[in-house]
1. In whole Å, what is the distance between the alpha-carbon centres of the range 60-87 and the range 1-22?
2. Ordered by packing density, taken as the mean number of other Cβ atoms within 10 Å over each peptide's residues, highest first, how do 44-56, 95-107 rank?
3. Calculate one ³J(HN,Hα) per residue across the range 58-71 by plugging θ = phi - 60° into the Karplus curve 6.51 cos²θ - 1.76 cosθ + 1.60, and present them in order as whole Hz with x for glycine and proline.
4. So I have [x] 13.6, 41; [y] 15.9, 52; [z] 30.2, 110, and one of them is Rg and Dmax of the Cα atoms in Å calculated from this model. Which one is it?
5. In whole Hz, with x marking every Gly and Pro, tabulate ³J(HN,Hα) for the range 106-123 from phi via Karplus 6.51 cos²θ - 1.76 cosθ + 1.60, θ = phi - 60°.
6. Amide H to amide H under 5 Å from residue 39: which residues, 5+ apart in sequence or cross-chain, H placed 1.01 Å off N in plane?
7. Cβ neighbours within 10 Å, averaged per peptide: list 115-121, 10-16 in order, most packed at the top.
8. Quote the relative contact order of the chain in percent (integer), defining contacts as alpha-carbon pairs under 8 Å separated by 6+ residues.
Amino acid sequence: MPYHLGERSRRNLRDVNPDLVAVVEMAIRISKVDFTVIEGRRTLARQKQLLKSGATRTLRSRHLTGHAVDLAPWVDGAIRWDWPLFYPIARAMKQAAKDQNVALRWGGDWKRFRDGPHFQLKWKYYPA
């Protein structure tokens, strides 16, 4: 049985770029791991809070423009942070993006400050 987005996840996708929303919606249906949308578009105040806490390193986040989402594995009714669970989500997101011709980047592929939950539309094709 395919997974589906819950009410909270849908709420967190409000104000996110429609192409990215479509990728998330397809990915949840093909993912081998259930996931939740932790965060979509952010306010500058929220971004500053995350910078201060060390959870981010920039004030130029794609979240500020609705071009990024954070997803996390949802297992037995709770968010899990085990890195191995992020890989099947990333595979589903990359496949959904490819199928819809959407240029996507996964934070888990970054060389520094790897960010497993983070997926963003590529700047080149989706300027702010």
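What follows is calculated from the coordinates using simple rules that are stated; it is not laboratory data. Predicted model, so just to flag it, every value in this text is computed and none were measured. Note that each Cβ is placed from the backbone with ideal geometry, even for glycine, and that neighbours are counted across all protein chains shown.
1. Centre-to-centre distance over Cα atoms comes out at 12 Å.
2. On the way: 44-56: 12.4, 95-107: 16.8.
Answer by packing, highest mean first, reads 95-107, 44-56.
3. 9, 9, 9, 4, 5, 4, 5, 10, x, 9, 8, 9, 10, 10
4. Of the listed options [x] 13.6, 41; [y] 15.9, 52; [z] 30.2, 110, [x] comes from this structure.
5. Result, rounded to whole Hz: 9, x, x, 8, 5, 6, 10, 6, 4, 10, x, x, 8, 10, 9, 6, 5, 3.
6. 70
7. Details: 115-121: 22.7, 10-16: 15.7.
Ranked by mean Cβ neighbours within 10 Å, highest first: 115-121, 10-16.
8. On the way: 208 pairs, mean separation 33.5, N = 128.
For the chain, the relative contact order is 26 percent.
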